[in-house]
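The values are calculated or read from the model by the stated rules, or taken from the named source; none is laboratory data. Just so it is clear, the structure is predicted and the values come from calculations on it, not from any experiment. Because the Cβ atoms are built from the backbone with ideal geometry, glycine has one as well, and the counts that use them run over all protein chains shown. Quick note on the areas: whole protein, heavy atoms, side chains included, nothing else; ligands and nucleic acids left out. Shrake-Rupley method; radii C 1.70, N 1.55, O 1.52, S 1.80 Å.
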Amino acid sequence: MKIGWIGTGVMGSSMAMHLITKGSHTLFVYNRTASKAAPLVAAGATLCPSPLAVAHSCDLLITMLAYPADVRSVLLGSSSPTSSGAIAGLRTGAVLIDHTSSDPELAKEVAMAAGENGVGVLDA
């Protein structure tokens with residue numbers, strides 16, 4: 001399975017590493033601080049230059065971000081016309097799992113945006 005992982009901090013990197021070492025998955029990763037993803041890349045993950053690039057590469061996208069504002073920016077994009085969120089890059093039938101401790105209203109907004117693109121969402 002092609003899996004995308006956005007957010008490779010302390011918890012995210014450990015969980016993502018299990019997908020590499022315990023499964024036969026292809027992993028695509030993004031982190032604002034690319035060096036935090038280095039152990040995953042060394043283990044076989046592909047580092048992507050943006051959240052959108054991760055989304056274009058996977059069937060399942062997992063996010064583990066620090067704050068709701070990060071979820072909004074990464075998944076929905078910023079107000080800049082050149083900044084598309086990762087949801088825009090997911091293909092119909094893909095699944096998004098967000099592990100961020102977030103705002104319920106934002107989770108609904110993400111689910112609605114993803115649903116418009118035929119993407120399933122699990123707010124974990």
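Please work out which one of (1) open to solvent by 60 Å² or more (accessible area, probe 1.4 Å); (2) assigned to a strand (DSSP E or B) is the condition LYS108 fails and give its number.
(2)
Which residues, taken from region 30-42, are surrounded by fewer than 14 Cβ atoms within 10 Å (Cβ to Cβ) and either among the small types (Gly, Ala, Ser) or within 23 Å of VAL121 (Cα to Cα) (or both)?
Selection gives SER35, ALA42.
Got at least one residue in region 17-29 being open to solvent by less than 30 Å² (accessible area, probe 1.4 Å) and either closer than 17 Å to ASP123 by Cα or basic (Lys, Arg) (or both)?
No - not one qualifying residue is present in region 17-29.
Among the residues of region 57-77, what is the count of those that are touching a helix residue (DSSP H, G or I) at 6+ places or on another chain (Cβ under 7 Å) and assigned to a helix (DSSP H, G or I)?
Of the residues in region 57-77, 6 are touching a helix residue (DSSP H, G or I) at 6+ places or on another chain (Cβ under 7 Å) and assigned to a helix (DSSP H, G or I).
Exactly one of these conditions fails for HIS56: (1) crowded, with 17+ Cβ neighbours inside 10 Å; (2) within 16 Å of ALA114 (Cβ to Cβ). Give me its number.
Condition (1) is where HIS56 drops out.
Could you check, for region 43-52, whether at least one of its residues is part of a helix (DSSP H, G or I) and buried (at least 16 other Cβ atoms within 10 Å of the Cβ)?
yes
Which numbered condition in (1) in contact with a strand residue (DSSP E or B) (Cβ under 9 Å, 6 or more places away or on another chain); (2) surrounded by fewer than 21 Cβ atoms within 10 Å (Cβ to Cβ) is the only one that LEU61 fails?
(2)
Quick one: in region 111-124, of everything that is hydrophobic (A, V, I, L, M, F, W, C) and assigned to a helix (DSSP H, G or I), which residue is surrounded by the most Cβ atoms within 10 Å (Cβ to Cβ)?
The selected residue is ALA114.
Taking PRO68 as the residue in question, decide whether it is open to solvent by 60 Å² or more (accessible area, probe 1.4 Å) and at pLDDT below 95.
No: the conditions fail for PRO68.
Has region 77-98 got at least one residue that is among the hydrophobic types (A, V, I, L, M, F, W, C), open to solvent by less than 60 Å² (accessible area, probe 1.4 Å) and over 14 Å from the mean Cα position of the chain (by Cα)?
Among the residues of region 77-98, not one is among the hydrophobic types (A, V, I, L, M, F, W, C), open to solvent by less than 60 Å² (accessible area, probe 1.4 Å) and over 14 Å from the mean Cα position of the chain (by Cα), which makes the answer no.
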